[in-house]
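The values are calculated or read from the model by the stated rules, or taken from the named source; none is laboratory data. Since the model is a prediction, treat every value here as computed from it, not as a measurement. Glycine also receives a Cβ, built like all others from the backbone with ideal geometry; neighbour counts cover every protein chain displayed. To get the accessible areas, we keep the full protein, side chains included, count just its heavy atoms, and leave off ligands, DNA and RNA. Shrake-Rupley method; radii C 1.70, N 1.55, O 1.52, S 1.80 Å.
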Amino acid sequence: MHTPPGMWAARPDARLILVLSSERSGSTLLRVMLGGHSRIVAPQELFLLRYPDFETWRTRKPVAMESLLELFDLLDRPQTESSVTASCRGMSMVDVYKWLFGFLPVQAILLDKTPAYANDPSTLERSAPLMPFYVQLVRHPLGVIDSHVRVKDRERRRRPLPGRVLRPLREAIERLTDGLPAIARKREAKWVTQNLNVQSFLRQVPADQQAKVHFEELVHNPEPVMRALCEAMGIEAEPQMVRPETRQVMNPNLGDPNFHLHGTIDTQPAASWTARYNEAQLRPETLQLMQELGIQSRRSGATSIHAA
Ligand code: A3P
């Protein structure tokens, strides 16, 4: 069933928004902003689509039960781990979502943002029967790399002394030989894989079922970006979406561990990487994908949200 652009939310089966991105792309911020809408319920990362059925999810990602229970709390219909397990035993993942939709008030929409969905094309394929609206969130690869390296550095500082001393030394040598330390190069490869997976999956999704958001544009111009995104979905933007509750502490396994450190929507992360990296350090395939995604090089103008 195809609908005119901006009419997705008017469909009777419009129950799910999926935010697809690489980790460290500002996905927690976007989730909280969208969750500010009176029709959108947005718990922490659910990880459901990563697995074919409820049992596999339960065994392989036990921490995500916290997100599922949070969803029921947000709906004011609390459940326990054992009540959920009893209800979902034997269900395929598509049936789990359908079961969840049954708890949503009329017109309410579940938002599921789990960056790990971008790791695997079969995860993305699994979402198709649910007819979701896809929000493709993209961030400059060096922003993602820089953010990842800083998080890992913070973790390293908590480790015993030898690792703390030897690793920076090794990284300094790697920088001299390859332009980027191995940890950054690895994150670059992951950014490419995840964004390629999402990009090629969305090619087969109708234009009225998707929109793209650029992190840099989101933090600089939150109001027009939210307005355009809501318009693409067919819902009316609400003012509280651009005044997100940024002091929420996230479970570090289910979202940005430093989310609560921001007092407001902060423009600084959009360009903080420029102090440490430059685009000449990126591989040609990364630069090519940046161009395809409409991510502007620091040397040219700005991009914005595109209803795809
Ligand atoms: P940095 O580490 O570069 O600051 P994700 O939630 O997808 O893991 O993304 C994490 C990134 O989102 C972090 O990037 C973080 O700063 C940024 N972010 C989180 N809250 C933000 C806010 N209130 N304003 C601007 N950026 C924010």
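Points to keep in mind about this one:
- LEU229 being buried (at least 22 other Cβ atoms within 10 Å of the Cβ) and under 21 Å from ARG11 (Cβ atoms): yes
- Per-region count, the stretch 108-163, residues within 16 Å of the ligand (Cβ to nearest atom), touching a helix residue (DSSP H, G or I) at 6+ places or on another chain (Cβ under 9 Å) and aliphatic (A, V, I, L, M): 10
- Some residue of the stretch 186-202 being touching a residue at least 40 places away in the same chain (Cβ under 8 Å), of a type outside the set (Gly, Ala, Ser) and not in a helix (DSSP H, G or I): no
- Selected residue (criterion: surrounded by the fewest Cβ atoms within 10 Å (Cβ to Cβ)) from residues of the stretch 262-286 that are of a type in the set (Asp, Glu) and touching a residue at least 60 places away in the same chain (Cβ under 8 Å): GLU285
- Hits in the stretch 92-124 (condition: closer than 22 Å to PRO12 by Cβ and either assigned to a loop (DSSP other than H, G, I, E, B) or open to solvent by 70 Å² or more (accessible area, probe 1.4 Å) (or both)): ASP95, LYS98, GLY102, PHE103, LEU104, PRO105, VAL106, GLN107, ALA108
- Scan of the stretch 71-91 for residues that are among the aliphatic types (A, V, I, L, M), over 17 Å from LEU18 (Cβ atoms) and either open to solvent by less than 40 Å² (accessible area, probe 1.4 Å) or not in a helix (DSSP H, G or I) (or both), ordered by number: LEU75, VAL84, MET91
Yes/no per residue for (1) within 11 Å of the ligand (Cβ to nearest atom); (2) among the hydrophobic types (A, V, I, L, M, F, W, C); (3) touching a strand residue (DSSP E or B) at 6+ places or on another chain (Cβ under 9 Å); (4) in contact (Cβ under 8 Å) with a residue 12 or more places away in the chain:
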| position | (1), (2), (3), (4) |
| --- | --- |
| ALA207 | no, yes, yes, yes |
| GLN210 | no, no, yes, yes |
| PHE215 | yes, yes, yes, yes |
| LEU218 | yes, yes, yes, yes |
| ALA232 | no, yes, yes, yes |
| GLU236 | no, no, no, no |
| THR246 | yes, no, no, yes |
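- Scanning the stretch 228-261 for residues that are aliphatic (A, V, I, L, M) and under 14 Å from GLU23 (Cβ atoms) gives MET250, LEU254.
- Residue match in the stretch 69-88 (condition: within 16 Å of the ligand (Cβ to nearest atom) and more than 17 Å from GLU245 (Cβ to Cβ)): no
- Residue list for the stretch 210-229, restricted to those being within 17 Å of the chain's Cα centre (by Cα) and in a helix (DSSP H, G or I): PHE215, GLU216, GLU217, LEU218, VAL219, PRO222, VAL225, MET226, LEU229
- Scanning the stretch 249-280 for residues that are of a type in the set (Gly, Ala, Ser) and more than 9 Å from the ligand (Cβ to nearest atom) yields ALA271, ALA275, ALA280.
- Residues satisfying the stated conditions in the stretch 287-308, i.e. modelled with pLDDT of 95 or more, in contact with a Lys or Arg (Cβ under 9 Å, 6 or more places away or on another chain) and surrounded by 15 or more Cβ atoms within 10 Å (Cβ to Cβ): LEU293, ILE295
- The stretch 28-40 - residue that is part of a helix (DSSP H, G or I) and open to solvent by 10 Å² or more (accessible area, probe 1.4 Å) and, of those, nearest to the ligand (Cβ to nearest atom): LEU29
- Test: residue in the stretch 14-22 that is open to solvent by less than 20 Å² (accessible area, probe 1.4 Å), of a type in the set (Gly, Ala, Ser) and within 15 Å of the ligand (Cβ to nearest atom): yes
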